[in-house]
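**Student:** One structure is given below, represented as structure tokens, and several questions about it will come after.
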Amino acid sequence: MDETLRPLRILPQMSVYADKHNSLVTSLVVDRPDDPISYLIDRLQRNSVDVPRVMLLGPPAVGKHMLVRIKQKHTQMNTDLWSRLSSSSSVVVFSGEEAERRDVSAELLVQLVQQRLKKTDCLHGGWVLEGITQTRLQVLLLQRAGIIPEHVVMLEAPDDVLLERSRGRLVDPLTGDIYHKTFIWPPDDTTAQRLERGRGLSEEQLLAELQRYRCEVTGLRSAYQHVLKIINGDQPHADVYHQVLAFVQTRRYSRTPRILLLGPPGSGKSLQARLLSEKYKMVDVCCGQLLRSVAADGSGLGSEVQPYLDDGRPVPDTLVLRVLEERLSQVDCSCRGWILHGFPCDLQQAKSLQESQHQPNRVFLLEVTDEVCLERITLRATDPVSGERSVLQFSQFLDQNRPVR
């Protein structure tokens, strides 16, 4: 067969390796280092290949800059991750509001950000972008330049709250910390005496900026919908800080799903597997059905399975694992992922599966009382045409309560 036409076979080990190093390719595409080989070697040698990439969005005066500075105010909340974000990480503070006032074009803004993020501290420690994107055009240009955040936090607050914050905004010229004459007052008189009126927009300018932001916010949400967290900014800064920190601590991985469903007979494993398979296009692998299918196809492996099924004896674990190994190694399972149920049924089988090349990366245990399981199994019926199983009582309930059209 022509090598160019030969079907691509993805080795089972690739999915396990991809789970462990899934961020390497992403980082390589996003960071675009001048020396990719040295960059990858350095990343692999580090204890953690994940670096934070966070973007803060929100209208003027909502508290974006305060989140960047708040670590100095709440040292008791200085977790390892936030320490990386606020010290090791490079916090790029170049706001969209400043860009607009300086007549900086969207293209130039993206170039400035791109140049900054290519520096070593950002590549190794991560970054936080504060208020960089104010329009969907800026978002698209950032994405085209490969600047893609892992977490996007959007702060929201009513306009009257934002106006009040803008009126009472005070700045410490020595440290750059932001205070407010009503909401945030410095703890010592020395700091209070040197506070100055914060340079900012007039009330008319702020209202205009808010109106423009409201026109763009839908596009911003749409662009980052898969990594977006909307947080109410009209609450104490410490509470906002906790919510942002909890969100940033979560990690999103684009992994091929390898799901294992466990549970007693009648717990609904087959139904949930079918629903998940239909929704997410994964391969539904029912161990019992797979054994019967292999026995019926007349293959060498099937001829070994058939005698056990004919006699009603359990198929040996080694033989079951060989059948599963062959099925889960196929291209559809490697590319789309799989959802397995009906195996393992005991601890030894679970250990054998874990030692194979097809370890699940998600395991769900369905818990149901014995009474419910017995009732479901007793009333279980199978459609001879489709092969789908259902509980008579539940099916009758659906038929009796079906909406009249």
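Bear in mind these aren't lab numbers, they're just calculated from the coordinates by the rules spelled out. Keep in mind the model is a prediction, meaning the values are calculated, not measured. Glycine gets a Cβ as well: all are built from the backbone with ideal geometry, and neighbour counts include every protein chain shown.
**Student:** Report ³J(HN,Hα) in whole Hz for each residue of the range 355-369, in order, from the Karplus equation J = 6.51 cos²θ - 1.76 cosθ + 1.60 where θ = phi - 60°; Gly and Pro get x.
**Tutor:** In residue order, the calculated couplings are 7, 7, 8, 10, 5, x, 9, 9, 10, 10, 10, 8, 9, 9, 5 Hz.
**Student:** Amide H to amide H under 5 Å from ILE230: which residues, 5+ apart in sequence or cross-chain, H placed 1.01 Å off N in plane?
**Tutor:** The list, which skips near neighbours in sequence, is MET154.
**Student:** Can you order the peptides 300-308, 157-165 by their average number of other Cβ atoms within 10 Å per residue, highest first?
**Tutor:** For the peptides 300-308, 157-165, the packing ranking is 157-165, 300-308.
**Student:** Still on this structure, please answer the following. Compute the distance in nm between two label points, each set 7 Å from the Cα along the Cα-to-Cβ direction, one at GLU278 and one at GLN349.
**Tutor:** Result for the modelled spin labels: 2.6 nm.
**Student:** May I ask you to sort LEU353, LEU220 by Cβ crowding, counting other Cβ atoms within 10 Å and putting the fewest first?
**Tutor:** Lowest count first: LEU353, LEU220.
**Student:** Rank the residues PHE343, PHE364 as a footprinting-exposure proxy: fewest other Cβ atoms within 10 Å of their Cβ go first.
**Tutor:** Placing the least packed residue first, the sequence is PHE364, PHE343.
**Student:** In what sequence do ARG292, ARG43 fall when counting other Cβ within 10 Å, fewest first?
**Tutor:** ARG292, ARG43
**Student:** Using θ = phi - 60° and the Karplus relation 6.51 cos²θ - 1.76 cosθ + 1.60, list the HN-Hα couplings for the range 54-62 in order, rounded to whole Hz, with x at every Gly or Pro.
**Tutor:** 10, 10, 9, 10, x, x, x, 6, 7
**Student:** Report, by chain and number, residues whose modeled amide H sits under 5 Å from the one on GLU130, excluding near sequence neighbours (fewer than 5 apart, same chain).
**Tutor:** Distant-sequence amide H within range of GLU130: LEU56, VAL92, PHE94.
**Student:** Report the full-extension gain for the segment LYS181 to THR378: residue separation times 0.36 nm, less the Cα-Cα distance, to one decimal in nm.
**Tutor:** Full extension of this stretch gives 63.9 nm more.
**Student:** Let me ask something else about it. Work out from phi, with θ = phi - 60° and the Karplus expression 6.51 cos²θ - 1.76 cosθ + 1.60, the ³J(HN,Hα) of each residue of the range 329-340, listed in order in whole Hz, and give x for Gly and Pro.
**Tutor:** Once rounded to whole Hz, the list reads 7, 6, 4, 5, 5, 5, 8, 9, x, 9, 10, 9.
**Student:** Taking amide H positions as placed 1.01 Å from N in the peptide plane, with prolines and chain starts having none, which residues 5 or more places from ARG53, or on another chain, fall under 5 Å of its amide H?
**Tutor:** It is TRP127, GLU150, HIS151, by chain and number.
**Student:** Label the range 205-246 by shape, choosing from rounded, prolate and oblate, from the square roots a ≥ b ≥ c of the eigenvalues of the Cα gyration tensor; if a/c is under 1.5 it is rounded, and otherwise prolate applies when a/b is larger than b/c, oblate when it is not.
**Tutor:** Here the range 205-246 falls in the oblate category.
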